[in-house]
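Reading through the structure tokens given below for one structure.
The values are calculated or read from the model by the stated rules, or taken from the named source; none is laboratory data. The shown structure was predicted, so the numbers you read here are calculated from the model rather than taken from an experiment. Note that each Cβ is placed from the backbone with ideal geometry, even for glycine, and that neighbours are counted across all protein chains shown. Ligands, DNA and RNA are stripped out before the accessible areas are found, and what is left, the full protein with its side chains, is counted by its heavy atoms. Shrake-Rupley method; radii C 1.70, N 1.55, O 1.52, S 1.80 Å.
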Amino acid sequence: MHAHIRPQPGILEIALYQGGSSKIAGREDVVKLSSNENPFGPGDLARNAYMRAGHDLHRYPATDHAGLRAALAASFGLDASRILCGAGSDEIISFLCQAYAGRGDEVLYSEHGFLMYRISALAAGATPVVAPERARTTDVDALLAAATKRTKLVFVANPNNPTGTMIPMDEVQRLAEGLPRQALLVLDGAYAEFVEGYDGGAALVDARENVVMTRTFSKLFGLGGLRVGWGYGPQHVMEVLGRVRGPFNLSNVQLDVAEAALGDAAHITRSLSENARLRDWLSAKLTALGVATDPSHANFVLARFRDATQAEACNAALLAEGLIVRQVGSYGLPEALRITIGDESACRRVAHVIGTFMETQG
Ligand SMILES: *Cc1c(COP(=O)(O)O)cnc(C)c1O
């Protein structure tokens, strides 16, 4: 730290985000199951759009994202004028904190909430506040009890990462209704597409003035490396976010590829059905092996072990076989491992290694 040149308060409290690792020294047959990526990657339409976009790299992108916003509005039945696109939903989360939370303000989220909420709150100079969960599930009463007159933003991922659990829409509505007047509820829908019949909270956004939804192309759509996310909210909020968003925050490559991915119904259907099938299969296997999981609504399962030592040992056993999963001690769950649902062979390898590992445990 420099003696005189110092950043804004809060910045030095930010612990650097550790992405899911992807390499094991000396191994070729590594499977990365640590970042909730789509095991099939992007679909053909997205790949083709990516190749085409290469011809226009000298052109500045559209500043209004009109094409992608119209496609999102048509796909999800939303008002295009209230959609805002960003470099991943991380950027939307960051815009929200930048615009609504500053020094002396509180940003509330739950115990095992996504790490970016804390990072973005601190980067904005605000104070992160954590409410407890009940059995690794968002607890609306605890969030309401923790809300104060300083609370400006409340982040709830539904389904949540890394737990995979979710709360029903009437509970989300009760939270939106019970928050103090100056607080904005942010529903993080990074995994919303994996839940059949769930709109991510879009109808609640339309019905209220204090709810925003964030979504991403990083998970179901297989575009984590492209960095495209979006937000949907009441007009007064989207106007504000539009002021902090840089005019060229998304490249034409990002815009074109995301739009193509949205239209790839075959890839979406296959990704969803394989995820549901293999998630059920792996969850049942883990249960049979004596490893507890909560019912997951996303593209990963949270495997819970006896204690942190056992989770650590199982992680080492998986790494030794070329399987990288996510340790979630930084999410307050040192006794657990978060395992992304891979393709069939990856899921079978995971079950096999954990099965062999559990046989060695007393
Ligand atoms: C993966 C994830 C995101 C999405 O991040 P992007 O910036 O869109 O890649 C947001 N919220 C949660 C809870 C996530 O797990």
Enter the accessible area of Tyr17 (Å², nearest 10), with the probe set to 1.4 Å and all protein chains included.
-> 100 Å²
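In whole percent, what relative contact order does the chain give with Cα contacts below 8 Å and a gap of six or more residues?
It rounds to 23 percent for the chain.
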Carbon/sulfur fraction of accessible area - the chain, other protein chains in place, 1.4 Å, % | 52 percent
Principal axis dimensions, the range 210-362 - Cα atoms, whole angstrom, descending = 59, 34, 26
In whole angstrom, the spacing between the Cα centers of the range 132-211 and the range 1-48 equals 26 Å
Surpassing 22 Å at the alpha-carbon level, of the pairs Lys219/Lys285; Lys32/Lys219; Lys23/Lys219, are Lys219/Lys285
Per-residue accessible area, 1.4 Å probe, largest first, puts Arg59, Arg136 in the order Arg59, Arg136
What is the packing order of peptides 337-346, 197-206, taking the mean over residues of other C-beta atoms within 10 Å and listing the highest first?
-> 337-346, 197-206
Mean shadow area of the range 256-312 over all directions, Cα convex hull, nm² = 5.3 nm²
Rg and Dmax of the chain, using alpha carbons, in Å: what are they?
-> 20.5, 63
Answer in debye to the nearest 20: the dipole magnitude of the chain about its Cα centre, from +1 Lys/Arg and -1 Asp/Glu charges placed on Cβ, is 660 debye
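For the range 75-131, what's the relative contact order in percent, using C-alpha pairs closer than 8 Å and at least 6 residues apart?
The normalised contact order for the range 75-131 reaches 34 percent.
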Solvent-accessible heavy-atom area per residue, rounded to whole Å², over the chain at 1.4 Å | 45 Å²
